[in-house]
Each structure stands twice: as C-alpha cells, then as structure tokens.
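Each remark here refers to the structure printed beneath this line.
The values are calculated or read from the model by the stated rules, or taken from the named source; none is laboratory data. Remember, predicted model here, so these are calculated numbers, not experimental data. Positions of Cβ are generated from backbone atoms using ideal geometry, with glycine treated the same way; all protein chains shown enter the neighbour counts. Accessible surface is based on the protein model in full, side chains and every heavy atom, while ligands, DNA and RNA are left aside. Shrake-Rupley method; radii C 1.70, N 1.55, O 1.52, S 1.80 Å.
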Amino acid sequence: MSTLINNRSTLIFFFQFFIFLLFPQNVFSQENWRGNTTPTYIELINHLKEISRSNSDVELYSMGLSDYGLPIYVCIINGAKDSINTFKKAREETTILFNNAIHPGEPDGINACLIWLEEFLKNKKNIENLPVVAFIPAYNIGGILNRSSTSRANQNGPDEYGFRGNAQNLDLNRDFMKMDAVNSFTFAKIFHGLDPDVFVDNHVSNGADYQYILTYISSLRERLAPSLNTLIYDSLIPDLTDAIKENYQIDLFPYVDLKGMTPDEGIVAFNDLPRYAMGYTSLFHTLSFTVETHMLKPFPDRVEATLAFMGELINWTSLNKSLIENSRNQARRFVMESPYLKYNYINSYKKDSILFKGYEHSFPIHKITGLSRLKYDTNKPYTKYVSFYKTSIANDSVQLPKFYYISAQEKDVVERLLANNVKITKILRDTLMNVGVYRVVNFEPSKKPYEGHFKLRNIKVQSNKELIQLKKGDWMVNSNQDAALFIHSVLQPELEDAYLSWNFFDSYLQQKEYFSSYVFIDKIEEILNNDLKLKKEYELKKKENAAFAKSERDQLYFIYKRSAYFEKSYNRLPIYFQ
Ligand SMILES: [Zn+2]
C-alpha cells in the first residue's frame, strides 16, 4: 500500500516537473498573480531576478538586511541602468515608490506590482513621460517567510500569506522613528537613496464592512505644508478619484476609521503619526498614501483595485512632475522658515458629512453566545451621508531652535540621524556654552509593552538656559536643512514620536546619588542660613503641610534637592538647543 502511494507520488512529482520544464513561464505568470495565490519570498525574488536579467529597463538591487538575515530588495523601472546613476536619476527626477508586505498577511501590493510590471514590459509605450517607478517587493522578510492560511482570521484570500510581526515580532509599521528593526535602516537607505516624490504603502484593512474595495489614508491635512495641502487635497485626490472611477469603475474612498461601532456613527480622519510608513515619508515632504483594500472582498478583486490605484497614481505623477517638485521645494522652505511647529493633533470633532456606500446592519441574538452581535447585510447596500470628522487641531506648539547639540554618548540617536541623511557636525574641542536645556518634569510609562517599549506618555519638559560644558566629539545639528521636520520630530521632547517617548533617554530619568539622613541632617542649618529664599520656602511648606512637618526624610530631601549637593543632570536630557 505504502509502496503504491510512494510510486504514485513520485509519478505526480515527475509529471509536474515535466510540465514545469515545458512551460516554466506559466509558474510565474499573470494568471497566477490574478488568482488567489501570492508568491513566497523565494518565488518573488527569483522571478524579479529573472526579469531584471532579461530586461534592461528593470533593475533589482539588494539594499540591505532584514532582522531575519535575508536581504530587502528594491525593483526600479525606468532607471539609468546602473546603480549609481539610477539612484541619482531617482533623486533628481520625479520618482514614485511602492512598499509591499510590511504586513505580509496583506500581500495585495506584491501581486499588483508584478502585474503592473508584466503589463509595462508587454507595452512599454503605455505611459508617456514615465517617472522612475520603484517598488520594494517584500519589506517584512521574517513575516513573509512565516507563512500560513490562518493568521488573518477575517480575510478573504489569498490561500497562503505571511505574518504581521517580523523576525523580532515587531510591527514594522510602527518602527520608522525608533528603528528597532534592521529593516528600518534598510528602508531609510532605500528611501533616501531614491528621495521619492510620491510614496504608497500597500495594506489590507480590518474593521467595518462596506461596499468599497479600496480605501486610502492621506496625510493629516492640517499637518501638511500649504503647498502640499493644496496639491494633495485639491488636485491629486480629486483627479485620482475621477480617473479610477472612469477607467476601472472603482469608487475611491477615504479610510473608514470608525468613531463608534459602525459607520453610521461617523468616520474620523486617521492621524498618520511618523511612526507609520506614510507619516515618516511625509516628514520629508513626499506625497504619501496608505492603501487599504477591504479584507472581505476576494483577493483577486483587491489586487485589481490596488493595481488601479498604482496605475492611475503613476499616470498622475507623470502628468504633474514639475508641480510635484515645486510643491515639495516650497514645503521644505516653509518648514525651515517656520518659527513654530504644531503638534499633538487631535480630531476637532467638527461635524462634516460624506456620501458613503455601506451595508445595513443589525444586532441579532447569536445562538451560541446568547448575546446580540453586529451583523452587516451585504444584500442591503445603501448610499447615504454619514458624519465625517475630517478636521484636526493641534493642541500644542513649540518654538523651533536653530541648532541642537547632542552629547557624543548618544550613539543610537546619532546613528539614526545619519541613517536619515541628517547633516551633523562634530564639535572639535571642549566648549563651555550658554544653551537651552530640556528638563523633564512629567512623564508616564505605559503599563504594557508597545512594540518593544514601555513608551512614555504625557511628557512635559521645562526649558531654560544653562551654562553647559560641551565636549569634544559632541554633535551639532543645524535645523536649517531638508530633514528639518524629521530632526524636530525626533529631538523635540514633547512630540508624539520623539526619541524621549521611545525610551532613548530613560537613563537620564533616574536619580543616581542619595544621602544618609543621619549625616545630612547636620548640614541643613548651614544650607538654610546660606540660602534665605530656600529657608523661607522650607518654613512655609512645614507650616502648611502637616505630613511634611512630620517627616524627617521629606524635609531633608526637600532641602537636598534644592542644594548644591543635588545632581544637576537629573531629568536633564543630553540634548541642548540654541
Ligand atoms: Zn496593514
């Protein structure tokens, strides 16, 4: 019996191998990309290697490692045929970059890029004035190799796909500022190597059910420089929406981030913080989108919609090259000339409305749980206006310094600035300088780990001038440069994704020296007599606070903290400004 099975298996294997030898192109053809399967990492890379070998318009570069250890590639179309000139051309001319499989359970972009590439090769003249088109075939290598059919419980295909976490179990779409993953350094190399004018991160959504196959996240409007705000919202999005409707009969709709449980309660604009791919690329004034196809639509339909978005965005880019370049230059100047930066954007909950194609829903009792459950009825589509909370307001703003100084020991900070093309200068000799210092007066660590960190929240700093001994080897950063927005976003301590919040400076938030009460108590008379202001504060506190009056330790610590014995570096960040 077992022999029979083995013989049959062997026969089937040889038959399949024979078919492969006869029709090798069928293994990696559009028929596959348009079906319910997505390639493995090996299939994908081998396929692209083969294409780049046989087509001079297609270049494939291994750009650096992932946490898994295998490389991350970038595929470039319409480059200059060799790596130095291709990257130079990309930076100098108009370039569009697509990122795929940052969440490998959401592989729609992989298939869409492969189909786009095949169609491009079949009919090279189909896009006039083509920009440099680049795509990262698969970004989360550890995730794409961790393949199954079950990790996306709510998703309608493909048959097999990768996992969200990378080799370190990090969500790479939260890692762009802290850069815990090697992948993030490789991404920075690709991104700054190309300096793309337009960027798309391809995803598949979770959330409510509705009629749209594809939704998109665009940058928070209020955070954009005026030139990009106008270009994206008054030109790009309306043009793209019309073109996709006309050429593909697909409705383009903003990402459905719910205010309540269902779209009936309203949709809110997504806050694309710089920890996310598109928030990060926006810091460099790249026109950025996240594409979210709908999980319940069949995989082939989602791939077609992703392809439609890709094709039309490339078309729009090809038609608007100088407008894009000019708007980006204006945005760079706008940030460099701005005296303030707004942050802590929250939704204004100012009511607006949008015509929405949804499905009726109800809450029938479920026979097993015995509880009412949410159920959308796809047989009852509707088109109606729902509340759309699309405006945000900044809760805070900060005056921007012209220079930052970073202590030499902060190697993790310096490494990330350099990876992001920030120009920094080494201080050549010890220098005593009157500079601004940040002293942390409040923070709360999160109770649970978030992406490898107990991220700090509700950070409050006080800044004032102090005489600081800068040492040889410390770094100076002039914020009047192209990366200005990135620089402020990581170094301004109260910003949402600042390095302080991501635990880069936790060691400065701990007191290192203390005192013995039985020794220190003999010093307080002298301290108070030499500092009459302190003496007055102390006496007042003792009078007004009964607990303080009864605690020797509290009284001594009060005096110690205000005396010359207390360490000056406590809660002071190793970043100064001018
Ligand atoms: Zn995703």
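Residues of the range 269-290 with an amide N closer than 18 Å to a point placed 7 Å from the Cα of residue 424 along the Cα-to-Cβ direction: none. Classification of the range 60-193 by its C-alpha gyration tensor yields an oblate form. The axis ratio a/c (a ≥ b ≥ c) is 1.5 or more, and b/c is at least a/b.
Pull out a ≥ b ≥ c, the square roots of the eigenvalues of the alpha-carbon gyration tensor of the range 221-373, then state rounded if a/c is under 1.5, prolate if not and a/b is larger than b/c, and oblate in the remaining case. Taking the square roots of the gyration eigenvalues as a ≥ b ≥ c, the range 221-373 is oblate. Rounded to the nearest 5, the antiparallel percentage of DSSP beta bridges internal to the chain is 75%.
Let's test the formula: R0 of 30 Å, r as the Cβ-Cβ distance of residue 129 and residue 330. What FRET efficiency results, to the nearest 0.05? The value I calculate is 0.85. If you sort the three axes of the alpha carbon gyration tensor as a ≥ b ≥ c, you get a/c under 1.5 for the range 122-279, which makes it rounded. Relative to the current alpha-carbon distance between residue 319 and residue 93, full extension at 0.36 nm per residue lengthens the span by 80.0 nm.
Taking the range 174-194 and a reference point 7 angstrom along Cα→Cβ of residue 82, the backbone N atoms nearer than 20 Å belong to 193-194.
You can think of it this way: the chain between residue 518 and residue 442 has 24.3 nm of extra reach, that is 0.36 nm per residue less the Cα-Cα gap. Summarised in one figure, the compactness ratio Rg/Rh of the chain, Cα atoms and Kirkwood Rh, is 1.05. Distance between the 7 Å Cα→Cβ label points at residue 56 and residue 121: 1.6 nm.
Dividing the summed helix terms, -39500 (n - 2.57) for each DSSP H run of n ≥ 4, by the number of residues in the chain produces a 222 nm estimate of -10500 deg cm²/dmol to the nearest 500.
The Cα center of the range 147-176 and the Cα center of the range 212-262 differ in position by 25 Å.
The dipole here belongs to the chain: it is taken about the Cα centre, uses +1 on the Cβ of Lys and Arg and -1 on the Cβ of Asp and Glu, and is about 1420 debye. For residue 467 and residue 385, the difference between the fully extended length at 0.36 nm per residue and the C-alpha to C-alpha distance is 23.6 nm. Model label sites at residue 153 and residue 355, defined 7 Å from Cα along the beta-carbon direction, differ in position by 3.7 nm. With each label modelled as a point 7 angstrom along the Cα→C-beta vector, the residue 265-residue 557 pair spans 4.2 nm.
Electrostatic bookkeeping for residue 101 treats Lys and Arg as +1 and Asp and Glu as -1; over the other residues with beta carbon under 11 Å from its beta carbon, the sum is -2. So if we plug the beta-carbon distance of residue 433 and residue 564 into 1/(1 + (r/R0)^6) with R0 = 22 Å, what FRET efficiency do we get, rounded to 0.05? Taking R0 as 22 Å, the efficiency between residue 433 and residue 564 is 0.50. Look at where the Cα atoms of the range 496-537 and of the range 270-313 average out, and the two centres are 49 Å apart. Taking amide hydrogens as placed 1.01 Å from N in the peptide plane, the amide H of residue 250 sits under 5 Å from those of 245, each at least 5 positions away in sequence or on another chain.
If r is the Cβ-Cβ distance from residue 378 to residue 234 and R0 is 25 Å, what FRET efficiency results, to the nearest 0.05? Working shown, then result.
Values: r = 34 Å, r/R0 = 1.38.
So, using R0 = 25 Å, E works out to roughly 0.15.
Just report the Cα centroid separation between the range 560-577 and the range 387-442, whole Å. Cα centroid of the range 560-577 versus Cα centroid of the range 387-442: 19 Å apart. Surface composition of the chain: carbon and sulfur make up 52 percent of the accessible area, probe 1.4 Å.
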